[in-house]
1. What is the sum of charges, Lys and Arg at +1 and Asp and Glu at -1, for the other residues whose Cβ falls under 10 Å from the Cβ of Leu501?
2. Amide H of His329 versus every other amide H placed in the peptide plane: which residues, excluding those fewer than 5 positions away on the same chain, fall under 5 Å?
3. I need the Kirkwood Rh of the chain: take the reciprocal of the average 1/r across all distinct C-alpha pairs and report it in angstrom.
4. Select from Ser156, Met331, Val372 the residue farthest towards the positive end of the dipole of region 4-530; place +1 on Cβ of Lys and Arg, -1 on Cβ of Asp and Glu, and compute about the Cα centre.
5. Can you find, among Ala534, Gly291, Met503, the residue farthest towards the positive end of the dipole of the chain? Put +1 on the C-beta of Lys and Arg, -1 on that of Asp and Glu.
6. When only C-alpha pairs under 8 Å and at least 6 residues apart count, what is the relative contact order of region 4-530, in percent?
7. Mind checking the dipole of region 297-416: about its Cα centre, +1 per Lys or Arg Cβ, -1 per Asp or Glu Cβ, Debye to the nearest 20?
8. Charges only on Cβ, +1 for Lys and Arg, -1 for Asp and Glu: so what's the dipole of region 4-530 about the Cα centre, in debye to the nearest 20?
Amino acid sequence: MSRKSKQPKKTGSGKGMDRRSFMGTLATAAGTGAVLGASSFAPSAHAETVHFPTASYLGGAGPFRSECDIQDCDVEGEIPASINGAFYRVGPDWQYPPMTGNIPFDGEGHVSMFRIANGHVDFKSRYARTQRFKAQAAARKRLFGMYRNHFTDDPSVAQVSRGTANTHVVFHHGHLFALKEDSPPVAMNPLTLETVDDYYTYHGELKSLTHTAHPKFDYTTGEMISFGYEAKGFATDDVCVFSADAKGHITWQAWIKAPYVGMVHDFAVSQKYVAFLVIPMATNVERMKQGQVHYAWDSTLPTWFGVMERGGDGKDVRWFKGPERCATHVMGAFSDGNKMYVDMDMALKNQFPFFPNLHGEPFDPKSAVGYVTRLSVDLSKKDISEYSMERLYPQAGVLPRQDDRYQTLPYRIGFMPTTDPTKPLNPKLGNLAFRPTNSYTRFDHATRATSEFFIGDDSSLQECCFIPRSKNAPEGDGYLVGVANRLLEGGRSDLVIVDALHMEDGPVATVRLPYRIYSQVHGWWVPGDALPKA
């Protein structure tokens, strides 16, 4: 349903409404199969014709664009009887050919579900019916221009939310939320994937115009803790932090100011603190007016690590300075007394080839490689101005995850898709710009030991999610689930299920799909007993 009364007001230019910010996800893996590969599509010369020129991604495959259902997918191996629930995933998938030069993160949000129970798997996929999607469907053409740039939009959509709901999907108080951080959530039915609210505002209680794609969950209280940056509108330095209870009512809200207007994609929550990392992917209004994307990497800017008390008014927030770095995803976080610890995959420089370097530096793939890095600060020390960094492991990768039951708590086990350069690469793949993301790695922070699942020499892996072996299983005791692309089969997709305690043994089961599905950004596991009844 349309929420006209809730839309942000027009900007002073009159060309569009205040726009909410988004922030990328991974990047070095763009083009490897871990995230949708970058390909430049030009719109057709004839408005009445829809044509997607052949993309170079995955051997010439273009956007997926198909909403589909498969009952009883082909299963190789045996799915453990204890696995009962739904694995949801979302990613950008073009609805219409985008503006030339746009980036893959601006596709429409496409949500899919693997419903697993009693050894059977059903697959379902649907586009999120955002306001943007519905407007373009009615016009039968593209109406939105460059990534998060309202200056390039068709004037007819000045009062339509630009949110694509294409970055993350989570479940809370009975709703499946498709998220993109430039806008409020899109609420979907978790069983049918039908969109039930295209601009969800928590019973009208959400004051921020934006909403993170990475809310955190406190399983001791049932809370979902969230935030929005550029929260008062386009290019504002306002950050809104809030918490929603188990019924979806906002019970706490605080406002703070960011050191500069830049990407704050993910954040960290412990039992005591909330922490943010502002990176030099800065909002660049002048470039946007010239028709460019929302961000440009400014290597002259520092990173800022901000920490505030959870549940407070935000006046206690302290910002600690660090060097130029790029880090967008949190593996896990915890506090110990007055100390806050946050583990992220961190690189030296810009990790996104399609976001320009402001000062003309060429994209550097080596400096874009991410490693699990621990950020920490002792809040009891009043005279410090910088945060500490420690690289924990030698493995390079992106999109780290944890056993989500331990969000906000001290945790021990993490997981991450990684690229193992010692593993063979199938010669039939030829010369690739990037090596495929070919492994899932398990990290034990207590012992610093690692173990690895290697997918093979002809495939790539997308982000993984953790499934507990049982409701009360110890941390990290369960399975990893994720989509693999078979690169020698046109990118055909399989769902692999791996025992997280026996990574080297390979998949316990593989769910074979008959075609390539769109590449996800993030995914979420919901246990069967938490899903609503049919």
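Read-outs: derived from the displayed coordinates by stated rules, not from any lab. Being a predicted model, the structure only gives us computed values, none of them experimental. Reconstructed Cβ throughout: ideal geometry from the backbone, glycine too, with neighbour counts over all protein chains shown.
1. On the way: positive: Arg442, Arg469; negative: Asp477, Asp499, Asp505.
Around Leu501, the surrounding residues sum to -1.
2. The answer is Asp345.
3. Numbers: mean 1/r = 0.0433 Å⁻¹.
Final number for the Kirkwood radius of the chain is 23.1 Å.
4. Checked the options; the winner is Ser156.
5. Gly291
6. Relative CO of region 4-530 lands at 15 percent.
7. Numbers: 15 positive and 16 negative charges, 36 e Å.
Computed charge dipole of region 297-416: roughly 180 debye.
8. Details: 55 positive and 58 negative charges, 291 e Å.
Roughly 1400 debye, rounded to the nearest 20.
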